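Novice: One structure, pasted below without further comment.
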Protein chains: 2
Amino acid sequence: MLSNAEVMSFLNEVADEFPAAVSFAAGRPADKFLERLDPAALLNAYNGYDKFTNSGSDTCRSTSRLLQYGRTGGIVTDLVAHQLREDDNVPAAPERMVITSGCQEALALCLTALCQGPTDAVLVRNPTYAGAMGAVDASKLFLYPIPLNNDDLAEGIEKATAELKRVGRRPRVLYLIPNFDNPTGRVIDESQRRMILEICAKHSIIVLEDNPYGMFRYEGLSITPLAALDKVGCVIYLSTFSKTLAPALRVGALTLPESFFGNRTAVREIWREIVQRKSFNTLNTSQISQAIVGGILLQQGGSLRQWVRPAVAWYHNSRDMMISALEQAFAPFAESVRWNRPLGGFFLSLELPFSFDERAVRECAVDHGVIVMPMRFFSLDASQDKRIRLSFSSASPEQIVAGIASLADYALNRAASNLRVT
Amino acid sequence: MLSNAEVMSFLNEVADEFPAAVSFAAGRPADKFLERLDPAALLNAYNGYDKFTNSGSDTCRSTSRLLQYGRTGGIVTDLVAHQLREDDNVPAAPERMVITSGCQEALALCLTALCQGPTDAVLVRNPTYAGAMGAVDASKLFLYPIPLNNDDLAEGIEKATAELKRVGRRPRVLYLIPNFDNPTGRVIDESQRRMILEICAKHSIIVLEDNPYGMFRYEGLSITPLAALDKVGCVIYLSTFSKTLAPALRVGALTLPESFFGNRTAVREIWREIVQRKSFNTLNTSQISQAIVGGILLQQGGSLRQWVRPAVAWYHNSRDMMISALEQAFAPFAESVRWNRPLGGFFLSLELPFSFDERAVRECAVDHGVIVMPMRFFSLDASQDKRIRLSFSSASPEQIVAGIASLADYALNRAASNLRVT
C-alpha cells in the first residue's frame, strides 16, 4: 500500500505531467470561493479582529500582541465556539476547546493524548480519510478498520470490540466523518448516530467526530451531530475552516464534551494533556491566521452560513452535473457500474467492473485526460479495489461533463480489453 | 517536576496577577521590533511574494493558489535556503529542506522520524530548552541529559554513549543550541564543535543543531555552525523566523545534510519520512505565513542581517544594562552570586546562594515586583536548583535596572532570613 504522502506525491506528479487533464482527485474547495479572500480582504479581517480585541487606543501594543507568542489553546476560542453553536448545533464552550494548526493537528493530538495504554486501539471505517490512518500509523497506534459494507455501524463496533478483546486489546477511540464522508460521501442517519453513541458509551469508546463538510448540504435536513446527541460525554468534535474559508489558514479546532462519561475532572485533565502536547508539537497556532478567522467571524455576525451560501449553491450544481454526466456516460454499463448520490460534501464513490490501481490512474490521465483517486488509497485491504473517489468540488461544470465522458471512454476500453483477454 | 505547559501556565498566572511586575521570564523578542510588521507591512510582504511567484497576469489564479492546500515540504524553501546560506553560513539546499509550523514542529518531526528503534536515546545538555525535553517525552523517547558542568561536551557524549550501551541503548540524536543557548546563554566554541562532530560521527549520532539566536551576536566573531563544519553528514539544522521576524508567523525550517554518514540515499529516505510525518501532523505550513516570510526575504534582498540590525543593537544594550545592574545590585554578595556574560542571544544564567523554586517566583513577584524563571524548569534533576534564567530581550532599560535591583532586594531578604533560620 502507498502512504498518504506517496499518494499525494503520485497524484501531484500525474497532475503536473498532464496539466490539461481534468482532475476529480483533489478534495479541495473551488478556487473561485478562495478568491473572495484576496489580500485586501485578509487585511480587513485581520484589522477587524485587532480592533475588536483592542479596546484601548494603543495600536502598537495591539500589533505586537498578535505577533508575539500566544496562548497554546488559541485566542479565538470564544468566536469559534459561538460559530460552532450557531452553524453546527454543537454545544461548544471556549474553555473546552483548543485551536489547532488545521484539523489534522487536532486529530493527531487527540489520538496521542487519548491512546496511551498499550492495548488501546483506534476504530475507523474502511475506507476512511487517509490522513486519519496515517496519523494512527505515525503514532504507532493499533488501527482496526470496520468494513463499510456493514451498514449497521453500531453492530460493527460491537463486533470489533469483541474481536479486539479476544486479542487483548480494547477500542479507545472511534474516528468518524458522519456527514458526507471522505472518501465515500455517505451520511450516518440519526438513529444510527444514537446507536453508535449507545455502544460507545457501553464500551467507553471516545468518538472523534470530524465534520469538515457539514456546512455543505445540498438537500434534506441537517442531522444533529453526535456531539449534540451525546448525553454521556463520549464525543470530541473536530472542525476546520479549510473548506469554509481557506485551507492555507491552517486553522482547526477540537471541542471536548462537558464530561467524559460523567466525569468533569477528566475533561480538564484531557484538555491539559492535549494543550501540553500542542505546546510540544507547534507551540501555538499562528495568531495571524487566527486573527483572520476571528475577523471574518466578526464581519459575518458569528455565523458562516451566509458566507458559504454561494459555494453551497455551486457545489450543489456540480454534484447534479456529475450525477447527470454519470447517468449519461455510463448508460452502456447498465448494472455493472454504480455510484451514490451524496446529499452534500465534495465526493461520491463510483464502483467499476474492474480493479482500479495506480496504473489505471496513469492510463486515465495519459489516454483520456482525466485524473481520479482510487478508493484503495483509503483502505488497508483489497475491498475497495474496484472503486474510485470522484471529487466534484473543484472542477467546472464543463470539466465535469468532459471528464466523466472521458472516464466512461476509459472504462469502455478497459471493459473491452478485459473481454479480449478473457 | 512541572511540565512545560504547566510552567508556562504558572508563569502566565503570576504575570497576570502582577501586571506591573517586571518580567525577565519570557524568552520573546521585544515588542518594538514586532511593530515593524504592522498590518500594512504584512500585506505588502504577502503581495510582494505573490507578485514575484506569479509571472503571469492572472491575479485571481494567484490568490487561490496561495490560499489552497499546498506542498507538504513548503513553498519558500528556495528563499529560506538562500537566507540560511547568506546569514547562517549553512550549506542549505531547497530539496533537502522542509518548512515547518514553527521550529518546534521541526524538532518534533526529526525526533520521531529518526528515533524509531526501541533502543534509541536522545542526548541533551542539562539544563536545556524545555520544549526539547517535552517533545522527547511526548513521543515516549528515552532522554539522556549530559551534565552541563562537564565543559568538555565531546567527553560527555562519549561517557553517555558508554553508559547507554551498558543498559542496552544507543544514542541516536543529540539536541544542541550551540549559539547563546536557551537557557544558559552559553556558546560552544569551534574546537568543541569539531570534537562533537568527530565523536558523533564515530557513534553515528545525528546532531539537531538548533539556532534561534544565532543572528543576535553582540561581540566577538561568529562561529561556523556545526552544519557547515560537518564533513561526514551528521547534522540537521533547525531554524526559525520567530526571533528575527515574529513568533506569530509560526514558520521554521529543517535542513538535512547532503548525506547521512556518506549515504545520499538515506537523506532522501529521511526527507520523505519527515514529509510524510508532517502531512499527518499539520498537512502543510500556512501558505499565508510562508508568503509573508517570502515577501520580507525578497524585500531584504535575501538576507535578514539589515532587518535585525536595530534589534541586535537594542538587545546588545539590554545585555550591557543587565550586566551593569547585576554588578551594582549584587555587589554586597561578593562571591556568593555569579552570572555569565553571554556574547549574544536573549538569556543569562544567575547562580544564587539558595534554592529558587515556584514559591520563590511568587514571593519575588508579590513582594518585589519582578518575575524570573527558575533554572530547575529546564532540568530533570536538582543540579540547577540555585540558578535562574534571566531574559533581557523584552524588558526596557529602565525595567532592567529596576528589576535587577528588586531581585537583589529579594536575594538580600532571603539570605538574611536564611541566616536567621540557621
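The values are calculated or read from the model by the stated rules, or taken from the named source; none is laboratory data. On a predicted model such as this, the values are computed, not experimentally measured, just so you know. Cβ sites come from the backbone with ideal geometry, for glycine too, and all protein chains shown count toward neighbours. Surface areas here come from the heavy atoms of the whole protein model, side chains and all, with no ligands, DNA or RNA. Shrake-Rupley method; radii C 1.70, N 1.55, O 1.52, S 1.80 Å.
Novice: Output the 0 to 90 degree angle, nearest 10, between the alpha-carbon long axis of helix A:190-202 and the longest principal axis computed from the alpha carbons of chain A.
Specialist: 60 degrees
Novice: Separate question: Provide the solvent-accessible area of B:Asp189, counting protein heavy atoms only and rolling a 1.4 Å probe, rounded to the nearest 10 Å².
Specialist: Surface accessible to solvent at B:Asp189 totals approximately 80 Å².
Novice: Now, a different point. Taking each residue of A:67-74 in turn, how many C-beta atoms of other protein chains fall within 10 Å of its C-beta, and what is the average?
Specialist: 6
Novice: Also, quick follow-up: Express as a percent, rounded to the nearest 5, the fraction of DSSP beta bridges in the range A:181-337 (both residues included) that run antiparallel.
Specialist: Roughly 55 percent of the DSSP beta bridges within the range A:181-337 come out antiparallel.
Novice: Can you give me the Cα centroid spacing of the range A:66-130 and the range B:222-242 in angstrom?
Specialist: Centre-to-centre (Cα) distance: 35 Å.
Novice: For A:242-251, what's the mean count of beta carbons from other chains sitting within 10 Å of each residue's beta carbon?
Specialist: Taking all residues of A:242-251 together, the mean is 6.
Novice: If I compute solvent accessible area with a 1.4 Å probe over the protein chains, what percent of it on the range A:52-210 is carbon and sulfur?
Specialist: 50 percent
Novice: Is the shape of the range B:132-231 rounded, prolate or oblate, going by the alpha carbon gyration tensor and its root eigenvalues a ≥ b ≥ c, with a/c under 1.5 for rounded and a/b larger than b/c for prolate?
Specialist: Since a/c reaches 1.5 and a/b is larger than b/c, the shape of the range B:132-231 is classed as prolate.
Novice: Please list log₁₀ I(q)/I(0) at q = 0.09 Å⁻¹ for the protein assembly as shown, using the Debye equation with identical point scatterers on the alpha-carbon positions.
Specialist: Calculated log10 I(q)/I(0) at the listed q: -0.91.
Novice: How far is B:Arg166 from the same spot in each other copy, in nm, shortest first, if each label point sits 7 Å from Cα toward Cβ?
Specialist: 4.8
Novice: Please figure out what share of the DSSP beta bridges in the protein assembly as shown is antiparallel and state it in percent, rounded to the nearest 5.
Specialist: DSSP beta bridges in the protein assembly as shown are roughly 50 percent antiparallel.
Novice: Using a 1.4 Å probe and counting only protein heavy atoms, how much accessible surface gets buried when B and A come together, both sides summed, in Å² to the nearest 100?
Specialist: Counting both chains, the buried surface is close to 4800 Å².
Novice: In Å², what does the accessible area per residue of chain A work out to with a 1.4 Å probe?
Specialist: Using a 1.4 Å probe on heavy atoms only, each residue of chain A averages 38 Å².
Novice: On C-alpha positions alone, give me the angle between the axis of helix A:358-368 and the longest principal axis of chain A, in degrees, nearest 10.
Specialist: Rounded to the nearest ten degrees, it is 70.
Novice: Placing a label point 7 Å from Cα toward Cβ, how far apart in nm is B:Arg36 from its equivalents in the other copies, listed shortest first to one decimal?
Specialist: So the label point of B:Arg36 gives 3.7 nm to the other copies.
Novice: Oh, and also: Ignoring ligands, DNA and RNA, what percent of the 1.4 Å accessible area of the range B:260-361 is carbon and sulfur?
Specialist: 49 percent
Novice: Which shape class, rounded, prolate or oblate, goes with the range A:22-116 when its Cα gyration tensor gives a ≥ b ≥ c as root eigenvalues, a/c under 1.5 marks rounded, and past that a/b bigger than b/c marks prolate?
Specialist: Since a/c reaches 1.5 but b/c is at least a/b, the shape of the range A:22-116 is classed as oblate.
Novice: OK, next. Given the pairs A:Lys165/A:Lys202; A:Lys140/B:Lys243; B:Lys231/B:Lys278; A:Lys278/B:Lys140; A:Lys51/B:Lys32; A:Lys159/A:Lys202, which span a C-alpha to C-alpha distance of over 23 angstrom in this model?
Specialist: A:Lys140/B:Lys243; B:Lys231/B:Lys278
Novice: Compute the label-point distances linking A:Thr265 to its equivalents in the other copies; points lie 7 Å from Cα along Cα→Cβ; give nm, one decimal, shortest first.
Specialist: Once sorted, the set of distances for A:Thr265 reads 5.6 nm.
Novice: Next up: Using heavy-atom solvent-accessible surface (probe 1.4 Å) with all chains present, what is the largest-first order of A:Phe142, B:Phe378?
Specialist: Highest to lowest solvent-accessible surface, that is A:Phe142, B:Phe378.
Novice: Classify the range A:201-326: rounded, prolate or oblate, from the alpha-carbon gyration tensor (a ≥ b ≥ c, eigenvalue square roots; a/c under 1.5 rounded; otherwise prolate if a/b is larger than b/c)?
Specialist: In terms of gyration-tensor shape, oblate.
Novice: If you don't mind, another one. Using alpha carbon centroids, what distance separates the range A:160-175 and the range A:362-399, in Å?
Specialist: Here the two parts' Cα centres lie 32 Å apart.
Novice: Let me ask another. Between helix A:305-329 and chain A, what is the angle of the helix's C-alpha long axis to the longest principal axis, kept within 0 to 90° and rounded to the nearest 10?
Specialist: So the inclination is approximately 10 degrees.
Novice: Using a 1.4 Å probe and counting only protein heavy atoms, arrange B:His368, A:His82 so the residue with the most accessible area comes first.
Specialist: Output order, biggest surface exposure first: A:His82, B:His368.
Novice: If A:Arg170, B:Arg341, A:Arg277, A:Arg36 are ordered by their accessible area, calculated over protein heavy atoms with a 1.4 Å probe, which sequence runs from highest to lowest?
Specialist: B:Arg341, A:Arg170, A:Arg36, A:Arg277
Novice: Here's a follow-up. Under Stokes-Einstein, with the Kirkwood radius over Cα pairs standing in for Rh, what whole-number D in µm²/s applies to chain B at 4 °C and 1.567 mPa s?
Specialist: 58 µm²/s
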